[in-house]
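Have a look at the structure below before the remarks.
The values are calculated or read from the model by the stated rules, or taken from the named source; none is laboratory data. Computed from a prediction, not measured in an experiment: that's the story for all the values here. Because the Cβ atoms are built from the backbone with ideal geometry, glycine has one as well, and the counts that use them run over all protein chains shown. When the accessible area is computed, the model is the full protein with side chains, heavy atoms only, and any ligands, DNA or RNA have been set aside. Shrake-Rupley method; radii C 1.70, N 1.55, O 1.52, S 1.80 Å.
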Amino acid sequence: MASMRTCVAALLAAMIFVAGSSRAESTQAELDKLKAEIDSLRRQVNAPAPAIRSSVDRAIEGKYGPNSAVTTKSGKLTISGLLQVWYHGVSNADRGLFNNAAGSGLVDSNQAQDNDTFRIRRTELQFTMDIHENVTAVIKIDPAREATSFANGQDNQGLIKRMPVVSPEFDAANGPGLGDTSVVSAVQNGSGRVPRLLQDAYINFHGVIPHHDYTVGQFKPYLGEEGIRSSAQLDFAERSFLGQLGDKRDLGLAMHGFWWDDRFQYWLGAFDSAGNYWGSAGDFQNRSDDNDNKDFNYRVLIRPLWKHECWGSLELGMSSKFGKHGEGGQLAGNNPIDNPIPGLNRPTNWAIWHNAFASYMPGGSVKGWWIRGEWAWIKDRNAPGSVVDVDGNGVGDSGLNQAIGKPFRGSGWYVSTGYKISDSRWCDSAPGWLKPFEFTGRYDTFQNVQVADRTNITHTNVYSTRVVTAGVNYYIKGHDAKIQANYNWVRNPDGGDAYSFHGVDNNNFIVSFQVAF
């Protein structure tokens, strides 16, 4: 019994000791926590007061400056753009090229195309979304493309001069028609035509098959060099005649292969090519195909020399686009102007567009100098009613329209050169005011005047316009911010004894202000 009492007493003593120890540990933990809170409060009191920030500061936080993040649902979005503002001064000449051609009495007014004017030439906004490591989507719009009342930058007679009186296929970008009031109305009322807003809209697949990528959607077919070059990277304020022809989108798909650090590349593609290569049936883009056939396109690029310290860079290439145009044939004895019928009623023909180009940028003692050139040969048929017959023996109310002409050939070429001070061997010793300058020159010729033959109206005769350009580029921040000044000496054809075209005084001056981002 005594031993049991002794054990109970020992157990009670142990319990009392443990309880006391726990209370002591709990009290110490509470003291440590309280001390930490006091230290935290002391740091907050002694910290400097935060700057007062407005709601504007909070709104723009993380949204301004280079490489700032853009929040998207998924993927990575890159936004880029281009703004070009022109002043375009044109020699004043009221009469156009076809005015009284061959004594026909035609009145070809030039009054709507010889006005000195400011112009928003390009307003490109591009969205590039890398939605997956192998998939990129691109959308580019250009609201400035909707305006069509401005004169062409090279020749105010148009990229192609051929239009008869009141043509249903009228396209102001290719030149005003004889007596056609639509271009005058566009100038008077500031109107334009749509749809021209949407430019690029394509999806690119890459990184799946080595050395290849694939594009499907609306984009530029791979023809030539200057036409497919970025508008922000142009050597002159406006592209050459051939460059303007190549600066057009089409709907289709293409495969691109590249090897040896891009020193050898090729492209293969298939496109709708609605209309024709002469542009007389409208643009290729933003429209349904007008036949069941597709045009095929290839381009090959080789760089035998590339960024060599002494020899510089040499680039050579060739490209073509070809296919069958037209659908529905033509009823015997029918013309689509005086006797239109349901259906497309366009005779079929093979259309071909060949192109070759080269550029050389030497190194060594002549570093900073460059030279480029391009040649093209085109064969296709014009749209019905889009070519003038100066004798009035054609169709339509005035008899001035070529009904359906046969396919015909035309060609052109240009060579351009320049010297960029900042890339030259004299850059370090040149005065600061001189370093941003580049001096350029170009000779450009193209068979852009098209007229129905006087003895056989189904034949189309072509005549060449020549333009000599002298230019100065001033680079504020590379191609991202620059000013370009060009003077164009324009020599339209005289037509010889057959037509006696009116000699238009249309030399012109362009100053282009550019910001790209």
Please give the FRET efficiency for residue 494 paired with residue 85, using the beta carbon to beta carbon distance and R0 = 30 Å, rounded to the nearest 0.05. 0.25
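Whenever you get a sec, compute what percent of the accessible area on segment 215-333 sits on carbon and sulfur atoms (1.4 Å probe).
Numbers: 2830 of 4660 Å².
It is 61 percent, rounded to a whole number.
I'd like to check one number: the per residue accessible area of segment 430-512, probe 1.4 Å, reported in Å² as a whole number. Let's see the in-between values first.
Values: 3500 Å² over 83 residues.
The answer is 42 Å² per residue.
Among 382-388, 247-253, 121-127, what's the highest-first ranking by average C-beta atoms within 10 angstrom per residue?
Details: 382-388: 26.3, 247-253: 20.4, 121-127: 18.3.
Top of the packing list down: 382-388, 247-253, 121-127.
Below 13 angstrom from the Cβ of residue 303, what's the summed charge of the other residues (Lys, Arg +1; Asp, Glu -1)?
So the environment of residue 303 carries a net charge of -2.
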Could you work out how far the C-alpha centroid of segment 99-114 sits from that of segment 76-98, in angstrom? 24
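What net charge is computed for the residues neighbouring residue 156, neighbours being all others with C-beta under 14 Å from the C-beta of residue 156, Lys and Arg scored +1, Asp and Glu -1? Before the final figure, lay out the partial values.
On the way: positive: 95, 119, 161, 491; negative: 94, 108, 114, 116, 155, 238, 505.
So the environment of residue 156 carries a net charge of -3.
Expressed in nm to one decimal, what extension gain is obtained for the pair residue 111 and residue 146 from 0.36 nm per residue of sequence separation less their Cα-Cα distance? Present the calculation step by step, with values, prior to reporting the outcome.
Details: separation 35, 0.36 × 35 = 12.60 nm, distance 2.13 nm.
Full extension of this stretch gives 10.5 nm more.
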Which whole-angstrom value gives the distance between the alpha carbon centres of segment 250-324 and segment 399-475? 20
Theoretical gain in end-to-end length, residue 28 to residue 43 [0.36 nm per residue, Cα-Cα removed]: 3.1 nm
Would you mind telling me the antiparallel percentage of the DSSP bridges in segment 348-491, rounded to 5? 95
Using a Förster distance of 45 angstrom, determine the FRET efficiency expected from the C-beta separation of residue 77 and residue 468, and round it to 0.05. 0.55
Given labels modelled 7 Å from the Cα in the Cβ direction, how far is it in nm from residue 513 to residue 327? 4.7
Of the accessible area of segment 446-514, with the probe set at 1.4 angstrom, what percent is carbon plus sulfur? 53
How about residue 435: which lysines have a C-alpha closer than 19 Å to its C-alpha, ignoring those fewer than 8 places off in the same chain? 367, 420, 477, 482
Distance in nm between residue 132 and residue 206 label points, each 7 Å along Cα→Cβ, equals 1.6
Each label sits 7 Å from Cα toward the beta-carbon; between residue 231 and residue 439 the label points are separated, in nm, by 3.0
Residue separation times 0.36 nm, minus the C-alpha to C-alpha distance between residue 425 and residue 314: what's the value? 38.1 nm
Qualifying trypsin sites (Lys or Arg not before Pro) for segment 452-517 [loop in DSSP, other Cβ within 10 Å: at most 16]: 454
Checking rank on 128-135, 111-118, 318-325, with mean other Cβ inside 10 Å and highest first, the result is 318-325, 111-118, 128-135
Counting only DSSP beta bridges with both residues in segment 409-486, tell me the antiparallel percent, nearest 5. 95
Ranking request for peptides 498-505, 200-207: highest mean number of other beta-carbon atoms within 10 Å first, then the rest in descending order. 498-505, 200-207
